[in-house]
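A short reminder: the numbers here are calculations on the coordinates, not readings from a lab. What you see is a predicted model; the values in this text were computed from it and never measured. Note that each Cβ is placed from the backbone with ideal geometry, even for glycine, and that neighbours are counted across all protein chains shown.
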Amino acid sequence: MSHPSVVTIDHRSAPRTLFSGDQLVDVDLPTGTRVIYPKPPIAPLKDVNAAIRYAINHPHNSEPLYAKLRPGMKVTIAIDDISLPLPPMKRPDVRELVLTIVLDLLSDHGVDDVEMIIATSVHRRMTGPEVRHVVGDKIFNAYWPKKLYNHDGEDAANMTYVGTTELGEEVELNKRAVDSDLVIYVNLNFVPMDGGHKSVAVGLCGYRSLKAHHNPRVMRACHSYMDPGSSALATSVERMGRVANAKLNVFTIETTINNRMFDRPLEFLAKNEDELTSAEKTSLRALRFTLSKLPQPARQAIFQRVPSPYGVTGVFAGETEATHVHTLKRAYEQYLVPVVGQADILITGIPFISPYNVNSFLNPLLVQVMANGYLFNLYKGVPMVKKGGTMIILHPCTDQFDNEHHAPYIEFVHRLLPETRDAMELHKRFEGKFASNPAYIEMYRSGHAYHPAHPFFMWYWGEAGRQHLGRMIVVGADNEYIPKLMGWETARTMDEALRMAKTTAPPKPEILALHCPPTLMTEMSVSSPRLSGPPDSLRG
């Protein structure tokens, strides 16, 4: 039986507060709208350090970590980058806790040839302060930047061809990792599409490997990015990961966290509006008013610069696939919300942050990947919205980019999208030349820009949503140019958007609304809800 705060049948008892970028908007939804809320945070582990030690000493389908160690061996530790969790975790980050225990163990066994690599793939390089936040002061001061550094997927001299899958997918990885006696991967699993073989086979690769699965053909064959069994991307990565693990000696350490995204002053943002106390309702009104009066950088700082008090809910270690089974199970315990019946219209706000704009602005291309990519794909089973249905999002779609982080995005959006939105054509005509642009490559290698292939990948990640949906309508856009580039319609208000959507929907459309963040997923089944009321699984 669902928790009453998780799935609410809206009877206009209170407006629903949705994110529109870094602002909050009150929305009156039609009576009968099913509003999906995240589950309450799972209780965290009482002793995380003990859980880490237990996991590495009792691994899945593997010897204990200590049994793999010998004096004089070469060990590489790879670490997830800043793209997760969102926002960053309040210190100590669980990766610092894992690294502290692992490094002490290596030292105790006479292993002193140790290097740590931030597994950025083609993401931007992390800055020193960002790395310090993840690994802690002691580790940062001892290892940065010679023995703790960002992966460089364009450093040809330090990339090694490992092999090719039976389907011709080429596996090329960081040379230091390939040449090591042992690779230890330290993962923080934020959503179910992370971890597993994706850690090494993607995190330590470059464009040569990524183009095997980050392409329109594969992305169109994904039925949910968050359900590995239904994702052609995950299947491709798994094939490549098996090739990598046949060559590399990999010991995986994965951790899961709960969804406690907001600390005490803002905890009410995760709650059902019907359950807010009088004080919380006052705080919500005050926050909404304050945000409306602040300039954009100040609004962004309120949310992005305050780390989240996530609690660690699980630590698992051992052989990659055996470990990841347990990680996924724990992640789904936190995120999955059972929902019966697809919608004709899906409504969601677009929050202020994505995996690709930590400490920068959520530009229009990232709004697209959040809408058509991540939020559309927050399901297991069947999509939340029926084939050909409508998705309504709230976002200003401001034509703004971070010149340091997202320089290649600017040309992609303003030069390429006006020529074509067709992903296959973009892939065929422009991707190769763009990906080898020497100026953009240098910004990726020596600055803090995303790789020039990355904006293409971001467009491809929206393919599943674009191919499935009939219409996309944006509420609250501050311009018409960007939505038109994306192929979206615009509406000034939610009422106007719903009137537009109903012109192509059934006479009595089923409407779903996502109250996100914090992170959630729907476990969707096809049967339609009873007209007389919510099905048993949705009753409080």
- request: Please give the net charge around residue 218, taking every other residue with its beta carbon less than 11 angstrom from that of residue 218, where Lys and Arg add +1 and Asp and Glu add -1.
  value: +1
message: I'd like the distance separating the alpha-carbon centroids of segment 262-291 and segment 480-532, in whole Å.
response: 25
Cβ-Cβ FRET estimate between residue 499 and residue 433, R0 fixed at 56 Å, reported to 0.05: 0.80
message: Using the alpha carbons of segment 172-307, what is the convex hull volume per residue in cubic angstrom, as a whole number?
response: 175
task: Pop out the ³J(HN,Hα) list for segment 252-258 in order, Karplus 6.51 cos²θ - 1.76 cosθ + 1.60 with θ = phi - 60°, rounded to Hz; leave Gly and Pro as x.
output: 9, 10, 10, 10, 10, 10, 7
- line: Between residue 274 and residue 70, the FRET efficiency computed from the C-beta separation at R0 = 60 Å comes out, to the nearest 0.05, as 0.50
task: Could you calculate the contour length gain from residue 138 to residue 167, that is, 0.36 nm times the residue separation minus the distance between their Cα atoms, to one decimal place in nm?
output: 6.0 nm
message: Shape verdict for segment 240-309, please, from the Cα gyration tensor: rounded (a/c under 1.5), prolate (a/b greater than b/c) or oblate.
response: prolate
statement: In whole Å, largest first, the alpha carbons of the chain cover along the principal axes 70, 53, 45
query: Using only Cα atoms, what is the ratio of the radius of gyration of segment 416-455 to 2.2 N^0.38 Å?
result: 1.24
query: HN-Hα J couplings of segment 484-492 from phi, Karplus 6.51/-1.76/1.60, θ = phi - 60°, integer Hz, Gly and Pro as x?
result: 5, 4, 7, x, 10, 8, 10, 9, 7
query: Can you give the convex hull volume of the alpha carbon atoms of segment 48-257 per residue, in Å³?
result: 122
query: With a ≥ b ≥ c the root eigenvalues of the C-alpha gyration tensor of segment 207-256, is it rounded (a/c under 1.5), prolate (a/b larger than b/c) or oblate?
result: oblate
Whole-Hz couplings from phi, Karplus 6.51/-1.76/1.60, listed for segment 450-461; x for Gly and Pro: 5, 4, x, 7, 4, x, 5, 4, 5, 5, 4, 5
Nearby aspartates and glutamates by direct alpha-carbon distance to residue 386 (threshold 12 angstrom, same-chain neighbours under 8 apart not counted): 344, 510
